[in-house]
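Visitor: One structure is given below, represented as structure tokens, and several questions about it will come after.
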Amino acid sequence: MEKYEIQMLETVVVILGYLLTFFIIRKFINNTLKQAHLQRSRRKIIIKAVHLFSFIICITLLFVVWGLDKKDLTLFIGTILTSLGIAFFAQWSLLSNVTSSLLLFFYHPVKIGDTIRVIDKDGPFEGEVTDLTYFFVHLKTSAGDAIVVPNSLLMQKAISVTGHFTE
């Protein structure tokens, strides 16, 4: 086999390994966290994080398969991390939103499916929490409108949980 054919075969193996590993890990996480009686929304966020990390590992392995030298790979990863660091520190709100998402996930009483009212002096708003991401909380109002709120805002404002979703 030629070098190109071997690289194609290795690429297919890496991608299939990534998919297989992701589905096995997702099933394992779901089963383990169901036994721990963790809410479905929390399991969903954990699976998103695992998916991100496994995707990064898969991309790194593909770089290795296609002959990216270790020095080049280290330089590439260093450049990406430096760019992310500059972006986070240049934009403090991004960093505060990521930190707020962790606090919301672990310590805040707001969950997906809850109806909340954000008490703000400029005008309170209310809606059902439909998604919690790394940067934003998605709300759906009773009128059917979608509101996207930065996570840091939920940490800074008073919140009234007016309804709970039960699984």
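Visitor: Yes or no: residue 68 part of a loop (DSSP other than H, G, I, E, B), over 17 Å from residue 23 (Cα atoms) and assigned by TED's automatic domain parsing to the domain that holds residue 17?
Guide: Spelling it out, residue 68 is indeed part of a loop (DSSP other than H, G, I, E, B), over 17 Å from residue 23 (Cα atoms) and assigned by TED's automatic domain parsing to the domain that holds residue 17.
Visitor: Of 84, 104, 95, which residue is assigned to a helix (DSSP H, G or I), at pLDDT below 85 and touching a strand residue (DSSP E or B) at 6+ places or on another chain (Cβ under 9 Å)?
Guide: When all the criteria are applied, what remains is 104.
Visitor: Of the residues 29, 57, 25, 45, which is touching a residue at least 60 places away in the same chain (Cβ under 8 Å), surrounded by 11 or more Cβ atoms within 10 Å (Cβ to Cβ) and either within 18 Å of the chain's Cα centre (by Cα) or not in a loop (DSSP other than H, G, I, E, B) (or both)?
Guide: 45
This table checks each residue for (1) surrounded by fewer than 16 Cβ atoms within 10 Å (Cβ to Cβ); (2) among the basic types (Lys, Arg); (3) not assigned by TED's automatic domain parsing to the domain that holds residue 41.
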residue	(1), (2), (3)
74	yes, no, no
115	no, no, yes
131	yes, no, yes
143	yes, no, yes
150	no, no, yes
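The values are calculated or read from the model by the stated rules, or taken from the named source; none is laboratory data. Everything numeric in this text was worked out from a predicted model, so none of it was measured. Here the Cβ is made from the backbone with ideal geometry for all residues, glycine too, and neighbour counts use every protein chain on show.
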